[in-house]
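The block underneath contains the structure these notes are about, expressed in structure tokens.
The values are calculated or read from the model by the stated rules, or taken from the named source; none is laboratory data. Just so it is clear, the model here is predicted, and its values are computed rather than measured. Virtual Cβ from ideal backbone geometry, glycine too; neighbours counted across all protein chains shown.
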Amino acid sequence: MNIIRFISRRYLFSRKQLSLISVLTGISIAGITLGTALLIIVLSVFNGFYDVIRGFLLSFDPDIRIELADQSAINLADEIASRIEEHPEVVGVSPFINGKAMIISDGSRNDVVTVRGIKRESHIRINKLENSVKSGVFDLSVQDNRPGVVIGETLVNRYGFSPGDEIALLSPTGMRRALTQFSAPRASRFNVRGHYSIQQIIDDEIVYIDLGAAQRLFNMQNEITGYDLRLTDTDRAERVKQELQEELGADFQIQTWYDLQRPLYDVMQLEKWGSYFILMIIVLVAVLNIVGSLTMIVIQKKRDIGVLISMGMTPKTIRKIFISQGIQIGLIGCLIGGTLGILLSFAQMEYGLVKLTSSFIIDAYPVAIRLTDIALVLGGSMVLCLGASWYPALRAASVQPADAVRDE
């Protein structure tokens, strides 16, 4: 029998009478249980929202985007795409052109929008934008001498566009040429083939046109802005980024899916860990009760401690007895709270018990349980319990047998 564990358990859970020490111990266990359960549930909900937002954004963002660092255009003749495709993790490469242009309609309102030129065949392997088309089709080909364009729902609501309507796009290059040559600006005309609708997490005023049409619009002959990549595993994007950076050199700017939406992802991580430290205060308050209850045990059992020391027990062993009490309180609270938090998280994950009050991508609070988060919560709680038992343990170890008997 382990004498340290036996004595510490007798001191904590004596059935002779319900004392203030027992009440404080119960409060400590209840506080740790509540704190650990809440921490696991809250962190799991934050993980769920993070996964939902990431999955949604990755429907439109590539795993990796490659552009020139000096913002100039990439020449298609440089065979960069073939070097990228040689990487074993890359399963899709799509060239694109990004630029600003003025959209001109029959009405009096004109707006500056982001124009993205793509190759439809390769682009649909990178993202799932085509699945978000609400009216018309995702067709950018030339029909009746007019290239196609797909626009966002915001522009549809603003101008009332519908499939078959004609719009014009005027690039900064066209405006500059009109000013220098003293002629009317030449706008490129397109037929609206469809419109897409996405949640307001990201800007949906991007206008999609064919890559060749974008080259003519921005006067980029045989040039592109960059490449979008899809990988075999999105979570390996950072490692692939480093490898491609070494392969292509410092002239290229390589961004992962996280880099493309860094402000949003950083805010979500900050909220998650901010909540962790705030909710740990609940555990800290419960842990303070451990200090009080163990200190009262030291005072109450001072004579017993003196007897144990006089019988040959070392101060180090006495200290271990009271540290063991703090660990036992922490283990009980963490076991009950951890089990409760995991069970409630699984129930929310499977049955969606708590619904979202406003319309969103999903109808119930998402949950994603991470073993690392559970380990961090339980480990943090146990560290606090261990720290709380240190002062009473030192006080108990410093008891002198003669003083203990004299005080009695």
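Can you tell which of LYS320, LYS316 is surrounded by 17 or more Cβ atoms within 10 Å (Cβ to Cβ) and over 23 Å from GLY55 (Cβ atoms)?
Values: LYS316 fails: surrounded by 17 or more Cβ atoms within 10 Å (Cβ to Cβ).
The match here is LYS320.
Do we find a residue being hydrophobic (A, V, I, L, M, F, W, C), farther than 30 Å from PRO392 by Cβ and assigned to a helix (DSSP H, G or I) anywhere in the range 331-343?
The answer is yes, given that some residue of the range 331-343 is hydrophobic (A, V, I, L, M, F, W, C), farther than 30 Å from PRO392 by Cβ and assigned to a helix (DSSP H, G or I).
Considering LEU335, LEU378, LEU340, which residue is in contact with a Cys (Cβ under 8 Å, 6 or more places away or on another chain) and within 17 Å of LEU38 (Cβ to Cβ)?
Being in contact with a Cys (Cβ under 8 Å, 6 or more places away or on another chain) and within 17 Å of LEU38 (Cβ to Cβ) holds for just one of LEU335, LEU378, LEU340, which is LEU378.
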Given the conditions (1) touching an Asp or Glu at 6+ places or on another chain (Cβ under 8 Å); (2) surrounded by fewer than 17 Cβ atoms within 10 Å (Cβ to Cβ), and given that GLY55 satisfies all but one, which numbered condition is not satisfied? (1)
Hits in the range 87-98 (condition: within 11 Å of ILE224 (Cβ to Cβ) and crowded, with 19+ Cβ neighbours inside 10 Å): SER94, PRO95, PHE96, ILE97
Within the range 130-155, restricting attention to residues that are modelled with pLDDT of 85 or more and polar (S, T, N, Q), which residue is surrounded by the fewest Cβ atoms within 10 Å (Cβ to Cβ)? ASN145
Matching residues in the range 99-129 (outside any loop (DSSP other than H, G, I, E, B), surrounded by fewer than 16 Cβ atoms within 10 Å (Cβ to Cβ) and touching a residue at least 40 places away in the same chain (Cβ under 8 Å)) number 3
Do you know which of the residues in the range 70-84 that are loosely packed, with under 11 Cβ neighbours inside 10 Å and among the polar types (S, T, N, Q) is farthest from the chain's Cα centre (by Cα)? SER82
The residue that is surrounded by the most Cβ atoms within 10 Å (Cβ to Cβ), considering only those in the range 257-305 that are modelled with pLDDT of 85 or more and of a type in the set (S, T, N, Q), is GLN261
Go through the range 232-256 and give me each residue that's surrounded by 21 or more Cβ atoms within 10 Å (Cβ to Cβ) and under 23 Å from ARG120 (Cα atoms). ILE254, THR256
